[in-house]
1. Within the range 47-63, does at least one residue satisfy the condition of being of a type in the set (Asp, Glu), part of a loop (DSSP other than H, G, I, E, B) and assigned by TED's automatic domain parsing to the domain that holds residue 158?
2. When you go through (1) part of a helix (DSSP H, G or I); (2) touching a helix residue (DSSP H, G or I) at 6+ places or on another chain (Cβ under 6 Å); (3) in contact (Cβ under 8 Å) with a residue 12 or more places away in the chain one by one for residue 105, which number turns out not to apply?
3. Quick check: is even one residue across the range 26-35 within 14 Å of residue 159 (Cβ to Cβ) and either among the aliphatic types (A, V, I, L, M) or at pLDDT 85 or above (or both)?
4. Quick test for you: out of 78, 130, 69, pick the one residue that is out of contact with any Asp or Glu (no Cβ under 8 Å at 6 or more places or on another chain), at positive phi and surrounded by fewer than 17 Cβ atoms within 10 Å (Cβ to Cβ).
5. Report whether or not residue 147 is assigned to a helix (DSSP H, G or I), within 25 Å of the chain's Cα centre (by Cα) and within 30 Å of residue 51 (Cα to Cα).
6. Is it fair to say residue 121 is over 26 Å from the mean Cα position of the chain (by Cα) and assigned to a helix (DSSP H, G or I)?
7. Which one is nearest to residue 146 (Cα to Cα) among residues in the range 72-89 that are of a type in the set (A, V, I, L, M, F, W, C) and modelled with pLDDT under 85?
Amino acid sequence: MRTVRRRSTNSRHLWLMVLLLASISGTTTAQTAPAQEADLERVLVPGNTVWLTDATGLETRARIVSVADGMVTTENTDNARDSLRLADIMRVRIRKADSVLNGALIGAGSAVATGLFVCTRTEPWANCRDDVGSIVAIGGLGAAVGAAVDALLRDRHTIFEASAGGRQLDAAPLITRDKLGVKIALRF
């Protein structure tokens, strides 16, 4: 009886390991690069406000004035101009507003679901089903709140990040008749 339990436990571990490895197998880069370094001049459009991170790790908010001859000229919030070599730029981020449509849909859906849940707990289902007007009104209110919250949320998105120099993390399953494991290789 003890061996049967052990086999089912090993089988369960095997399936969990296979599921885990299936979700992480393949090559994973240490850092992702949304744009290649050759595209940095295309990314830095004059007039845009960006957050630049230089080689020292200092992030500054600046408006792009010009990009030419491997140099970028920026203007900070005090209207002071500064020049920076393109090779010294490690990351470029911009502030991007999200569409309010998904916030409205999430708000409406959650408000209708909450309204129906509360209604079914306090009234018979026939009353909830027949009273469509109040559920639509609750959905509209939820859509308005969701759109308002989504309009207020504006994140900075990375549009350029310098390559990490080829660091890679490889993970692959190691499954034999007697052993179960993971082969991990880190390359620099």
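The values are calculated or read from the model by the stated rules, or taken from the named source; none is laboratory data. What you see is a predicted model, and the numbers here were worked out from it, not measured in a lab. Cβ coordinates were reconstructed from backbone atoms using ideal geometry, including for glycine residues, and neighbour counts include every protein chain displayed.
1. Residues of the range 47-63 that are of a type in the set (Asp, Glu), as a first pass: 54, 59.
Of the ones still in play, those that are also part of a loop (DSSP other than H, G, I, E, B) are none.
No; the residues of the range 47-63 include none that is of a type in the set (Asp, Glu), part of a loop (DSSP other than H, G, I, E, B) and assigned by TED's automatic domain parsing to the domain that holds residue 158.
2. (2)
3. Taking the range 26-35 as the starting set, the residues that turn out to be within 14 Å of residue 159 (Cβ to Cβ) are 32-35.
Okay, now just the ones that are also either among the aliphatic types (A, V, I, L, M) or at pLDDT 85 or above (or both), so 33, 35.
Within the range 26-35, one or more residues are within 14 Å of residue 159 (Cβ to Cβ) and either among the aliphatic types (A, V, I, L, M) or at pLDDT 85 or above (or both).
4. Numbers: 78 fails: at positive phi; 130 fails: at positive phi.
Only one candidate passes the filter, namely 69.
5. Details: assigned to a helix (DSSP H, G or I): yes; within 25 Å of the chain's Cα centre (by Cα): yes; within 30 Å of residue 51 (Cα to Cα): yes.
Yes, satisfied.
6. On the way: over 26 Å from the mean Cα position of the chain (by Cα): yes; assigned to a helix (DSSP H, G or I): yes.
So residue 121 passes the test.
7. In the first step, residues of the range 72-89 are kept if they are of a type in the set (A, V, I, L, M, F, W, C); the result is 72, 80, 84, 86-87, 89.
Imposing the further condition that a residue be modelled with pLDDT under 85 reduces the set to 86-87.
Values: 86: 40, 87: 42 Å.
Here the residue is 86.
Yes or no, residue by residue, for (1) in the same structural domain as residue 91 (by TED's automatic domain parsing); (2) modelled with pLDDT of 80 or more:
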position	(1), (2)
142	no, yes
148	no, yes
158	yes, yes
172	no, no
175	no, yes
178	no, yes
181	no, yes
186	no, no
